[in-house]
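Values quoted throughout were computed directly from the atomic coordinates according to the rules given, and no laboratory measurement underlies them. As the structure is a prediction and not an experimental result, all values here were calculated from the model. Heads up, the Cβs are rebuilt from the backbone with ideal geometry, glycines too, and the neighbour counts pull from every protein chain shown.
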Amino acid sequence: MIAILVLIGIILAIAVTLVIIGLRNPQTVNDRLLQERLEEFSQTGEQVDLEKLEMSQPFTERVIYPIARKLGEFTIKFTPQNWLNSISRRLELAGSPSRMDPSLFLSVQFITAVAFGAIMFIFLTVVTKATPPGQVFLFTVVFTIIGFFIPQFQLSTRVTKRQKNIRKAMPDALDLLTICVEAGLGFDAALSKVAEKWESQLSMAFHRVIQEIQLGKLRREALRAMAENVGITEMTSFVAAVIQSEQLGVSMAKVLRIQADQMRIRRRQMAEEEAHKAPIKMLIPMALLIFPSLLIILFVPAVLTVMQSGVLGGL
C-alpha cells in the first residue's frame with residue numbers, strides 16, 4: 001500500500017506540473033534567460049560549455065518536457081488522425097500556449113486522467129473503506145474520464161478568451177493603423193508600428209505577420225494565415241478587405257477607416273448582446289442563493305413565533 005501511495009503521489013506531482021506548464025507560457029522567459037547566459041559567456045571570453053549550458057536550463061525543460069513528449073509520441077500512434085488535426089487546430093486558435101504540440105497535449109490529458117482516477121480510488125478505498133467495489137470502480141472510471149477532458153476544457157476556454165480579446169482590440173488597432181497609413185507609412189510599416197504599441201494577442205498576431213513577410217512570404221498569404229490562426233469573422237473580413245484593396249488599387253487608408261468603423265459597431269453590438277444576457281444569467285444565482293436566503297429570513301421567525309405560542313399544539 002505504501003508503494004502504491006508513493007507511485008500515485010509521483011503521478012499526481014507530474015500531473016500538476018504539466019497542468020501548470022500548460023496554463024502558463026514560460027518559453028519567452030526561458031529564451032531570455034538562455035540569451036543572457038550566452039551574453040555572459042561572450043563578455044567574459046570563456047568557451048561555451050554546452051553541457052553546462054544545458055544543465056543551467058530549468059528542470060521542466062530538461063526532464064518534464066522530454067518525458068511528456070515521449071509519452072505523447074507513444075499515444076499518437078494509437079490516436080486517429082482527425083483527432084490529432086483537431087487538437088492541432090485548437091492549439092493554433094489558442095495561440096500555441098507554451099509552444100505545446102499535440103503530443104505534449106495528449107500526454108497532459110492522459111496524466112490528468114490517471115491522476116483524477118487515482119485520487120478518487122484512494123479516497124474511496126482508504127478514506128471511506130465501506131464503499132462497495134462496484135461503486136469504487138464506477139466512480140474511478142467517471143473521474144478518470146473527467147480528468148481526461150479537463151485539459152480540453154481549459155484549451156477551449158483559452159481559445160474563447162483569446163478571440164474575445166482580439167475582438168475588443170481590433171477597432172482601436174485599426175484606428176492606429178489608419179492614422180499611420182494616412183501619415184505616409186506603408187502598410188507593412190504601419191502594421192509593425194501597431195504591433196510595437198500594444199502587448200496583446202492581436203499585436204502578437206500582427207508581429208507574426210511581419211516576421212513571415214520578412215522571411216519572404218507574400219503579404220496576402222501571411223494575412224490569410226493570420227485569419228486562419230485567429231478564427232473570427234472580423235479578422236477574416238479585415239484580411240479580405242486589405243487583399244482586395246491591394247489587388248484593385250483602392251486607397252488603403254479609406255478601406256482601413258471603413259473597417260475600423262464596422263469593427264466598432266460590431267463591438268458595440270456584442271456589448272449590447274452581453275448586457276441582454278445578463279438578466280438571464282442572474283436567474284441561476286438568484287434562484288439558488290438569494291431566494292432561499294430571503295425565505296429563511298422571512299419565514300423562520302414567523303414559524304418560531306407560531307411554535308412558541310402553542311397554536312399548533314392546540315390544533
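Miscellaneous remarks
- For the pair residue 164 and residue 290 in one chain, pulling the backbone fully straight at 0.36 nm per residue adds 42.3 nm over the alpha carbon distance.
- Net charge of the neighbourhood of residue 172, taken over other residues with C-beta under 12 Å away and scored Lys/Arg +1, Asp/Glu -1, is +4.
- Here residue 214 and residue 268 are evaluated by their C-beta separation; at R0 = 30 Å the FRET efficiency comes out at 0.25.
- Spacing of the two label points (7 Å from each Cα toward its C-beta) at residue 243 and residue 305, in nm: 7.4
- Packing-based exposure ordering (other Cβ within 10 Å, fewest first) of 175, 188: 188, 175
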